[in-house]
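See below for the structure under consideration.
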Amino acid sequence: MWEYLIVFLLSATPWIEILFVIPPAIAAGLHPIPVAVVAFLGNFLPVIGLIYFYEKYMLWRTSKRKAQDDAGDTERVSKRKKLGRKIWDTYGLPGLALLAPIVTGVHLAAIIGLLSKAPRTSITFWMFWSLALWTLILTVVTYLGLDFLGLKFD
């Protein structure tokens, strides 16, 4: 049971993502189906939280910035955020969501979608299906790969 809790917490952690959780968990001997479900939930539930609390955060942030009376915008933009924005500009929300687990991370991709004024329902829809697809692919490929190598745990 503790192992699955660790899978959940690691999946929920930004930038760790399911890509770095599912293969090691299955290789460690955990059953693939519960690993897939727990990793998916661990990665998707924080995205739902980000989407839900985004407006409240932006209102708080705006009031805080007004109080500080910034002289200029000196916000640093990370390489991942730049890459996410480039993907958004080229492929839109579907492309960003489908590439998010391997390029920017789903948490940052959701934020980029929100900052780009995409509808929250669309962000939720595309992130859900992207994570479901990547979870399925990673689980099946890991399981079959271990089976091929003779390392399958039953």
(Q) For the structure I just gave you, tell me whether residue 60 is modelled with pLDDT of 90 or more, more than 12 Å from the chain's Cα centre (by Cα) and surrounded by fewer than 15 Cβ atoms within 10 Å (Cβ to Cβ). (A) no
**Q.** Residue identified as in a helix (DSSP H, G or I) and hydroxyl-bearing (Ser, Thr, Tyr) among 142, 104
**A.** 142
Q) What's the number of the condition residue 28 fails, among (1) within 29 Å of residue 139 (Cα to Cα); (2) at pLDDT below 85; (3) more than 17 Å from the chain's Cα centre (by Cα)? A) (2)
(Q) Would you confirm, using the coordinates I've provided, whether residue 39 is outside any loop (DSSP other than H, G, I, E, B), at pLDDT 85 or above, in contact with an Asp or Glu (Cβ under 8 Å, 6 or more places away or on another chain) and of a type in the set (A, V, I, L, M, F, W, C)? (A) no
(Q) Being at pLDDT 80 or above and exposed (fewer than 15 other Cβ atoms within 10 Å of the Cβ) narrows it down to one residue among 110, 132; which is it? (A) 132
Q: Kindly indicate whether any position in segment 21-35 is of a type outside the set (Asp, Glu), under 16 Å from residue 104 (Cβ atoms), buried (at least 18 other Cβ atoms within 10 Å of the Cβ) and touching a Ser or Thr at 6+ places or on another chain (Cβ under 6 Å).
A: no
Q.
Looking for something in a helix (DSSP H, G or I) and loosely packed, with under 12 Cβ neighbours inside 10 Å - is there at least one such residue anywhere in segment 2-11?
A. yes
Q: Scan segment 12-36 for residues that are in a helix (DSSP H, G or I) and within 29 Å of residue 79 (Cβ to Cβ) and jot them down.
A: 12, 18, 19, 20, 22, 23, 24, 25
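The values are calculated or read from the model by the stated rules, or taken from the named source; none is laboratory data. Only a predicted model underlies this, so the values are computations on that prediction, with no experimental measurement involved. Don't worry about glycine lacking a Cβ; one is built from the backbone with ideal geometry, like all the others, and counts go over all protein chains shown.
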